[in-house]
Amino acid sequence: MQTIYSMEKIIPLGEYIERGINALETNFSFLWRAIDDGISWTVSFMNDFFLAIPFVVFLLVVATVAYYAKSRGRLFSREGLKRGVGLTLFVVFGFFLIYGMGYWKEAVQTITLVLVSTAIALLLGIPFGILSAKSNIADAIVKPVLDFMQTMPAFVYLIPAIFFFSVGNTPGVIATVIFSVPPAVRLTNLGIRNVPGDVVEAGRAFGANEKQILYKIQLPLAMPTILAGINQVILLALSMVVIASMVGAKGLGSLVYQGIQQNDIAKGFESGLGIVILAIVLDRITQAVANKK
């Protein structure tokens with residue numbers, strides 16, 4: 001005879017968290033509406049703006065930026081051509097492939113989602129990274145929070161996001177920001193802490209105050225590491241587009257999700273390939289800018 005054992009819940013932690021989220025939703029509903037309106041308007045405006053640009057013009061702009069970043073400003077030198085041509089050709093081929101498959105609108109929606117999420121993540125992450133670099137106490141507090149944010153399954157973030165913002169682009173952006181902000185904090189902190197101490201002391205010896213040391217010495221010297229953090233934020237935001245589509249976010253991720261639901265291999269593969277192309281383009285451009293710095 002098989003005996004089934006069941007354990008009684010001693011610590012109903014989830015219930016306490018649910019009560020807290022209910023209280024936040026009730027008492028700060030005006031704040032969530034304002035955030036929802038702001039993010040929805042920004043995403044909608046950027047989508048309309050990018051889609052109003054002819055595809056060829058958009059392609060030329062991105063290809064030019066890619067070539068300039070990869071060639072490190074040496075536009076017409078032999079070394080610049082050698083460095084920049086490969087990425088430029090990949091941008092042209094990749095974007096034409098997305099356009100030819102009929103997914104350009106969804107690609108633009110994905111780019112918008114990533115750009116908005118990245119901007120919010122950087123606006124939050126870089127100041128906290130500076131604070132962590134300047135204060136060991138703040139660093140000790142922030143690190144466990146970042147560990148929690150990075151190890152918690154991304155699907156869990158969708159639950160409160162839906163609760164506060166219903167469905168649409170806003171909960172997708174919020175979940176993406178939470179998932180992608182830790183690298184911005186960590187690498188900003190690391191970059192500032194790795195600035196040589198003798199350089200900082202030299203700045204103080206010449207009469208620089210703490211604000212001048214931060215903006216004119218530490219941040220410029222830490223910029224390659226900070227740009228590496230921006231690169232990681234962008235890639236993590238792109239990795240969230242499929243998950244964000246589950247709460248109504250638009251773009252290539254929604255097509256991948258539809259392919260899964262409908263068992264449509266063609267749609268899933270083509271839209272997934274579009275995400276890969278965008279990821280490679282954004283990764284190579286930001287890496288090139290970081291290397292140039």
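Of note:
- The residue of segment 97-122 that is nearest to Ile277 (Cα to Cα), among those that are over 11 Å from the mean Cα position of the chain (by Cα) and surrounded by fewer than 20 Cβ atoms within 10 Å (Cβ to Cβ), is Leu97.
- Segment 123-135 - residue that is modelled with pLDDT of 90 or more and out of contact with any Ser or Thr (no Cβ under 9 Å at 6 or more places or on another chain) and, of those, farthest from Ile53 (Cα to Cα): Leu131
- Residues of segment 156-167 satisfying the condition of being more than 13 Å from Arg33 (Cβ to Cβ) and surrounded by fewer than 22 Cβ atoms within 10 Å (Cβ to Cβ): Val156, Leu158, Ile159, Pro160, Ile162, Phe163, Val167
- Scope segment 17-58; condition surrounded by fewer than 10 Cβ atoms within 10 Å (Cβ to Cβ) and at pLDDT below 90; matching residues: Thr26, Asn27, Phe30
- Of the helices (runs of 4 or more DSSP H) that lie entirely inside segment 164-222, those containing 1 or more residues that are under 21 Å from the mean Cα position of the chain (by Cα) and farther than 20 Å from Asn136 by Cβ span 169-193.
- Identity of the residue in segment 13-51, under 24 Å from the mean Cα position of the chain (by Cα) and aliphatic (A, V, I, L, M), that ends up farthest from Val116 (Cα to Cα): Leu31
- Ile162 of a type in the set (Val, Ile, Thr) and closer than 26 Å to Thr112 by Cα: yes
- In segment 98-119, the residues that are among the aliphatic types (A, V, I, L, M) and without any contact (Cβ under 8 Å) to a residue 60 or more places away in the chain: Ala119
- Pairs are defined by a Cβ separation below 8 Å, a sequence spacing of at least 6 or placement on different chains, a first member in segment 260-280 that is buried (at least 19 other Cβ atoms within 10 Å of the Cβ), and a second member that is of a type in the set (D, E, K, R); the pairs so defined are Ser271/Glu106; Gly274/Glu106.
- Options Leu123, Leu89: the member that is without any contact (Cβ under 8 Å) to a residue 60 or more places away in the chain and farther than 16 Å from Ala66 by Cβ: Leu123
- For segment 72-104, the set of residues classified as at pLDDT below 70 and among the aliphatic types (A, V, I, L, M) consists of Leu75, Leu81, listed by residue number.
Results for (1) small (Gly, Ala, Ser); (2) at pLDDT 90 or above; (3) surrounded by 21 or more Cβ atoms within 10 Å (Cβ to Cβ); (4) within 30 Å of Glu270 (Cα to Cα), shown as yes or no for each residue.
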| residue | (1), (2), (3), (4) |
| --- | --- |
| Pro153 | no, no, no, yes |
| Thr170 | no, no, yes, yes |
| Pro182 | no, yes, yes, no |
| Val185 | no, yes, yes, no |
| Tyr215 | no, no, no, no |
| Val233 | no, yes, yes, yes |
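- Some residue of segment 223-231 being of a type in the set (A, V, I, L, M), surrounded by fewer than 19 Cβ atoms within 10 Å (Cβ to Cβ) and not in a helix (DSSP H, G or I): no
The values are calculated or read from the model by the stated rules, or taken from the named source; none is laboratory data. On a predicted model such as this, the values are computed, not experimentally measured, just so you know. Backbone-built Cβ (ideal geometry, glycine too); neighbour counts: all protein chains shown.
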